[in-house]
Amino acid sequence: MKYYDKLIFELSKEGRQGCSLPANGWPGDLGDIPQNLRRQNRPALPQVSEPDVVRHYTCLSGMNFGVDNGFYPLGSCTMKYNPRINEQVASLPGFSSAHPLQPDSSVQGCLQVYHELARALSAITGMAEFTFAPCAGAHGELTGLMIMRKYHISRNDLRRTKVIVPDSAHGTNPASAAVCGLQVVQVKSRPDGTIDVNDLKPLLDDTVAGIMMTNPNTLGLFETEISEIAELVHACGGLLYYDGANMNPLLGKVRPGDMGFDIMHLNLHKTFSTPHGGGGPGSGPVGVRASLAEYLPCPRVLPDGKGGFRIGREGELSAGRVSGFMGNFSVMVKALAYIWTLGKENIRMAGPLSVLNANYVKESLKDNYRLPVDRLCKHEFVFDGLADASSGITALDVAKRLLDYGFHAPTIYFPLLFHQSIMIEPAETESKETLDGFIEAMRQIAQEAASDPQMLRSAPHNTPVRRPDETLAATRPVLRYVPEVPDE
Amino acid sequence: MAFAYFPHTEEDIRQMLGKIGASSLDELYSDVSPEFIFKGEFDLPEAMSEMDIRRRFSEMAGRNRSLTVFCGCGAYDHYSPAVIAPLISRAEFLTAYTPYQAEVSQGTLRYIFEYQSMITMLTGLDCANASMYDGATAAAEAMMMSLACTRKKRRVLLSMTLLPQVIEVAETYAGYHGVELGYVPEDNGGTSLDGLREQLAEGDVAGVLVPSLNRYGIIEDLEGFADAVHAQKALLMVYADPSSLAVLRTPGEWGADIACGDCQSLGLPLSFGGPYAGYLACRQEFVRKLPGRIAGQTVDMDGRRSFVLTLQAREQHIRREKATSNICSNQSLMALYVTIYLSLMGPEGMREVNSLSYGGAHYLHDRLLGTGLFDEAFARPFLKEFVLKTGLPVKKLQQTLCDNGFFAALEVGEGLVSFCVTEKRTKEEIDALVSCVEAMKQHGNLT
């Protein structure tokens with residue numbers, strides 16, 4: 001990777017333009033728009049040629065690391081291979097040029113994608129129906145909680161304003177609950193991050209709207225007491241929400257709907273191979289059991305009774321509209337292409353191979369790194385720093401040094417249960433050779449911690465930039481480009 | 001036969017299980033109660049080859065009718081220059097995660113910084129975040145942000161001339177979040193300043209959200225709005241089409257504290273409603289209440305200019321239930337799309353896009369009035385989108401136009417139909433649309 005220092009604004013020169021538009025044959029440029037409705041100065045956008053633009057963004061891409069560059073063991077993020085055929089079919093002109101408000105009769109192809117994907121996800125998860133309106137995992141969580149609240153409100157069960165969240169949960173869980181107007185009640189987890197049923201019991205009363213769980217949990221461990229938890233929560237009148245962040249190890253093997261969950265979201269950008277795009281667009285469809293279907297957000301795709309589909313825009317019990325149209329449509333095309341490529345047989349291998357990869361890496365490194373919970377994991381596991389902590393080398397140092405070895409870093413300092421969490425998730429699309437290379441690098445780093453700790457503390461050494469000064473960024477924020485004024 | 005996405009050979013699996021000390025893949029699920037192991041057959045098709053996939057999806061895409069788009073209502077058919085798609089498809093952009101590891105994410109962080117800069121240039125405000133899901137959710141976040149900025153106030157006022165989907169999403173969020181909504185009525189197609197004053201007089205108002213280009217395509221005159229809102233110590237929030245801001249008075253110039261809207265109009269493909277990207281911008285004093293990701297400039301250990309995600313103390317992974325929002329991502333790749341689009345266009349290209357759209361829209365407007373089937377609805381300045389009154393049965397009108405290859409005349413109120421023209425529409429296309437309407441009239445198809 002090569003350092004490249006320009007911003008597009010710094011390539012700008014008055015009079016350049018990077019696009020050609022048709023000649024303007026219309027009379028009267030912006031004609032009768034009164035002056036007080038117009039902006040005073042033209043925006044200071046860059047003025048650059050088309051080749052300038054192409055080279056600039058190509059150079060920027062050279063400072064980025066993606067799944068296509070190498071192994072990305074980022075825990076809880078499921079960085080699996082993003083098949084290119086999915087990109088191609090998602091950008092077919094028939095899909096990409098469809099306006100979201102076109103008459104239903106003219107977008108039957110798009111509506112069929114929703115229908116087919118809902119069917120496939122129902123088969124995979126055991127949920128009855130899905131909405132595709134949420135644009136990301138956190139958005140799905142929020143939507144799921146809205147459905148939960150709407151359910152209680154519509155039954156005039158207005159006291160249910162608490163949602164139980166394990167203290168080991170992703171930060172989005174409590175944040176989503178708060179946005180949804182629910183009070184968060186934390187349930188303590190055991191040292192292995194699983195929920196302690198004895199701690200849960202006293203929290204369950206008629207003020208509980210439900211519980212949010214990831215299973216496997218943030219340590220990659222399966223909640224073995226899920227049946228009992230489901231019974232207890234249902235018995236008190238609450239609903240079970242499944243956070244699909246950790247669905248990948250269950251793919252093709254275990255269905256959340258069979259474990260007693262009432263509402264769940266999926267991250268199509270994790271479990272169903274759509275690219276993360278540097279932070280989005282994702283998609284966070286929400287599935288519910290049949291009795292909750294009428295609470296799903298509108299608009300929804302429904303059968304039209306004539307072998308086609310229509311968009312249902314209103315529903316009395318609907319949780320409401322949560323996004324401008326019907327979610328990130330092209331992401332759904334990609335997820336459906338992935339599922340159909342796997343088919344009913346290969347999908348059975350997806351989860352198990354991710355679990356095989358995780359346990360293989362865990363077993364291969366547990367002599368070098370401290371493994372706080374030494375048992376079978378699912379798709380990911382967590383180390384708590386080096387086995388020999390005497391050098392004072394931190395999770396951050398290990399993560400940064402991995403970048404020098406050509407690997408992306410694992411998730412660090414999460415979960416919060418340990419001080420030096422290193423959370424590793426090797427998706428099923430990684431080969432044994434790749435994992436062996438990673439294991440070798442991790443062992444080298446453990447040796448370097450003993451032999452040359454100073455070098456680790458100043459890692460990375462071979463990346464386009466080295467550790468940035470985050471304190472400076474936060475205390476003296478520079479959040480936009482301001483042209484330098486030349487000296488007089 | 002081996003499956004293309006799984007690299008494991010039988011020998012690999014055997015060796016790896018050996019290292020783990022397990023005898024089979026099934027044994028890796030011994031911690032899962034057997035009742036939860038799915039033993040049935042998945043109701044899914046047999047695995048499809050790449051050729052099968054291509055065929056099946058081409059068939060589905062072919063079931064959509066390709067229409068010439070003459071409608072907007074929140075999604076605009078602007079032109080996307082050819083270089084954008086291949087650039088954003090570069091694997092290093094496409095397959096990267098959120099830029100947590102700044103050292104290997106300078107590409108993403110730099111374009112986010114550029115994007116934020118461009119949004120501030122268009123809106124005339126000081127700061128912007130790294131993007132939101134879409135315009136409607138950005139508006140809902142702005143609404144919640146105004147509560148966080150003003151403390152202890154509970155009401156937010158929405159103009160009735162906002163796009164319906166923006167109002168609906170704000171209503172959904174407000175309902176669960178405990179925000180009390182008030183509505184500012186419409187007056188001759190624009191937001192009523194008197195109506196706003198009446199609503200403000202009731203007190204407890206944290207923020208007021210009004211559009212710049214409204215649901216009818218009318219350019220709102222927001223003279224006096226900022227003074228009225230600020231007199232009540234509330235925030236003025238403007239929902240603006242960012243493409244139009246290259247020529248129209250900016251939220252900053254109107255005295256707004258927050259601006260939000262949908263970046264779709266900056267060349268993003270229609271794509272049946274998504275992915276798009278919302279933008280959210282604010283004045284400097286509110287930046288610590290701004291939700292979402294923000295990239296900032298700093299230096300690295302060697303003093304080189306670098307970029308990082310910053311001001312993270314606002315965010316959910318630190319603040320958990322006390323965070324300003326639950327959002328923990330952005331529409332990053334779409335922000336890149338927009339950044340490249342604006343770079344290619346530059347100030348002159350953006351002016352030209354607006355000028356071409358304006359010219360075409362006004363030509364269509366006048367031609368439609370000339371058919372005698374439509375009347376002026378509001379007679380106020382518009383840019384690329386406008387609404388006409390008609391006595392025709394509007395569902396039938398829209399369906400007939402659709403049958404003839406046009407998406408036009410969307411019903412936006414009783415007897416009100418909406419049209420939109422962008423720089424992509426040629427004079428020939430506009431004439432063809434008008435001819436189609438005239439032919440219906442002649443054949444008496446419209447009564």
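Read the figures in this text as sums done on the coordinates, not as results from a lab. Computed from a predicted model, the values in this text were never measured in an experiment. Every residue, glycine among them, receives a Cβ derived from its backbone with ideal geometry; neighbour counts consider all protein chains shown.
So here's what we get for this one:
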{"quantity": "Förster radius 41 Å - calculated FRET efficiency between A:GLU228 and B:LYS19, Cβ distance, rounded to 0.05", "calculated": "0.75"}
{"quantity": "Estimated 222 nm signal from helices in chain B, with DSSP H stretches of n ≥ 4 weighted -39500 (n - 2.57), rounded to 500", "calculated": "-12000 deg cm²/dmol"}
{"quantity": "Whole-number D in µm² s⁻¹ for the stretch A:347-473, Kirkwood Cα-pair radius fed into Stokes-Einstein, 10 °C, 1.306 mPa s", "calculated": "105 µm²/s"}
{"quantity": "Residue exposure sequence - A:GLU345, A:GLU425, B:GLU186 - by fewest surrounding Cβ within 10 Å", "calculated": "A:GLU345, B:GLU186, A:GLU425"}
{"quantity": "Peptide B:407-419, shielding by other chains (average Cβ, 10 Å cutoff)", "calculated": "1"}
{"quantity": "Chain A - charge dipole about Cα centre, Lys and Arg +1 at Cβ, Asp and Glu -1, debye rounded to 20", "calculated": "860 debye"}
{"quantity": "Ellipsoid equivalent to the stretch A:272-370 - semi-axes via the Cα gyration tensor, in Å", "calculated": "37, 17, 15"}
{"quantity": "Cα gyration tensor shape of the stretch B:207-311, rounded if a/c is under 1.5, else prolate or oblate by comparing a/b with b/c", "calculated": "oblate"}
{"quantity": "Amide proton proximity set for A:VAL67, modelled H, under 5 Å, gap of 5+", "calculated": "B:THR95, B:ALA96"}
{"quantity": "Whole-Å semi-axes of the ellipsoid equivalent to the stretch A:149-242 (Cα gyration tensor, √5λ, descending)", "calculated": "21, 15, 10"}
{"quantity": "Rel. contact order, % - alpha carbon contacts under 8 angstrom, at least six apart, the stretch A:347-473", "calculated": "28 percent"}
{"quantity": "Calculated FRET value between B:GLN284 and A:LYS6, using beta carbons and R₀ = 25 Å, to 0.05", "calculated": "0.45"}
{"quantity": "Where N is the number of residues in the protein assembly as shown, Cα Rg divided by 2.2 N^0.38 Å", "calculated": "0.92"}
{"quantity": "Rh (Kirkwood; distinct C-alpha pairs) - the stretch B:155-261, Å", "calculated": "13.6 Å"}
{"quantity": "Bins of 5 Å from zero: percent of alpha-carbon pairs in the stretch B:84-340", "calculated": "1, 6, 14, 18, 20, 16, 11, 7, 4, 2, 1, 0, 0"}
{"quantity": "Residues in the stretch B:379-399 reached by a label modelled at A:ASP32 [backbone nitrogen below 11 Å; 7 Å Cα→Cβ]", "calculated": "B:379-382"}
{"quantity": "Share, in percent, of DSSP beta bridges within the stretch A:84-341 that are antiparallel, nearest 5", "calculated": "40 percent"}
{"quantity": "Mean projection area, nm², convex hull over Cα of chain A", "calculated": "30.2 nm²"}
{"quantity": "Expected-Rg normalisation [2.2 N^0.38 Å, Cα atoms] applied to chain B", "calculated": "1.15"}
{"quantity": "Debye, to nearest 20: dipole size of the stretch B:84-340, +1 on Lys, Arg Cβ, -1 on Asp, Glu Cβ", "calculated": "920 debye"}
{"quantity": "Members of A:LYS270/A:LYS344; A:LYS80/A:LYS362; A:LYS80/A:LYS334; A:LYS188/A:LYS400; A:LYS253/A:LYS378 lying beyond 21 Å, as alpha-carbon distances in this model show", "calculated": "A:LYS188/A:LYS400"}
{"quantity": "Members of B:LYS153/B:LYS395; B:LYS396/B:LYS427; A:LYS162/B:LYS152 lying beyond 32 Å, as alpha-carbon distances in this model show", "calculated": "B:LYS153/B:LYS395"}
{"quantity": "Fraction of antiparallel bridges per DSSP, the protein assembly as shown only, in percent to nearest 5", "calculated": "60 percent"}
{"quantity": "Chain A - share of DSSP beta bridges that are antiparallel (%, nearest 5)", "calculated": "55 percent"}
{"quantity": "Residue order, fewest to most beta carbons within 10 Å, for A:GLU223, B:GLU438", "calculated": "B:GLU438, A:GLU223"}
